[in-house]
Amino acid sequence: MKKPKTFAPSLAGRCLRYMVMDLLGFGRMLSQDTLSAMRTGSSWHKTFQSRLVHETEVVGLELPIKNGELGISGRIDAVIQEKGQMVAVEYKTVNGDKFRQIEEYGPLFDHWAQLALYVNLGDYDRGRLIVDNRDSEERLSWDLLPDPKWSTWVITRIQLARKHQLQRTLPSREISLGCLHCDRWQRCFKTAEERAQMVQSHPQWEPNPSLPERFVTAHAKDSDSHCAEHSN
Ligand code: SF4
């Protein structure tokens, strides 16, 4: 029998239904703009990693993170040693508009949740999220410490997703402003108009289980969820 698909850490902060669609192998609708941003991001990634090797004490690049019980499999961009601590580094690039939103509201929730998974399940001393602006080369960064509340939330979400994966059922929608940018939205709404209406009447993300209070999200004016927790 075919082995169930593994859970990619980048899914940790996504809508539960989206996670399950990924685990069940549903396709994504990627626009030309998204594909081009992905290509540029990938080249920035390589440059970032090669600079990191010269500027810091790098333990490893693309280090695997695995958890057999939860079926997680992924790679951490870099792990560095700093002041005797092991730091997991997650690198992201965004366009200028998104960068301004992040500057104002804090890191995107899914970026933060991915790093929280690395730090809490990978047993690192701390995590560092680095976000570069592809349009201006500005940079933002935040540090994150291990936190049992994050650990519990992330593990519970993955377990729920796995349960649906094994039963081959899709969970209910977790409608929010994020649906407007979701590349699997056609599996949730019949038309873009229906999506716009539903999102307008329910813009706030209410995941199951709900977020611990200190991770409550603040929504940017027009799009994705941001994490209220900036750094530790
Ligand atoms: S459209 Fe919304 S509810 Fe559907 S998978 Fe995407 S984020 Fe989740």
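Each value in this text was obtained by applying a stated rule to the coordinates, not by laboratory testing. Small disclaimer: the values here were computed from a predicted structure and weren't measured. We place every Cβ from the backbone using ideal geometry, glycine too, and count neighbours over all the protein chains shown.
Calculated FRET efficiency, T34 to E69, Cβ-Cβ distance, R0 = 30 Å: about 0.35 to the nearest 0.05. Using R0 = 25 Å, the C-beta based FRET efficiency linking V59 and T6 works out to 0.60. Computing FRET efficiency as 1/(1 + (r/R0)^6) for R168 and Q200, where r is the C-beta to C-beta distance and R0 is 41 Å, gives about 0.80. Percent of C-alpha pairs per 10 Å bin in the chain, short distances first: 7, 31, 39, 20, 3, 0. Of K149/K190; K83/K149; K92/K149; K3/K83; K2/K46; K46/K190, which sit over 31 Å apart, Cα to Cα? The answer is K149/K190; K3/K83; K2/K46; K46/K190. Spatial offset of region 50-96 relative to region 140-205 amounts to 25 Å, using the alpha carbon center of each. Neighbour counts of other Cβ atoms within 10 Å put R51, R75 in the fewest-to-most order R51, R75.
Once both labels are positioned 7 Å from their Cα atoms along Cα-to-Cβ, the gap between Q186 and Q49 label points is 3.2 nm. Helix 109-121 and the long axis of the chain differ in direction by around 60°, with both axes built from C-alpha atoms. Round to the nearest 10 and give me the degree value, 0 to 90, for the angle of helix 32-55's Cα axis relative to the longest principal axis of the chain. In the chain, helix 32-55 runs at an angle near 20 degrees to the longest axis.
Relative contact order of region 9-173: what whole-number percent is it, with Cα pairs under 8 angstrom and at least 6 residues apart? The normalised contact order for region 9-173 reaches 27 percent. Amide H contacts of V59 (H built 1.01 Å from N, in plane; Pro and chain starts excluded): V79, I80, Q81 sit under 5 Å, all sequence-distant by 5 or more or on other chains. Over every Cα atom in region 107-187, the radius of gyration and the widest Cα-Cα span, Dmax, amount to 15.7, 46 Å. Per-peptide packing, taken as the mean over residues of other Cβ atoms within 10 Å, places 81-89, 188-196 in the sequence 81-89, 188-196 from highest down. Between the Cα long axis of helix 148-167 and the first principal axis of the chain there is an angle of about 50°, rounded to the nearest 10. Arranged from fewest to most other beta-carbon atoms within 10 Å of their beta carbon, F26, F7 become F26, F7.
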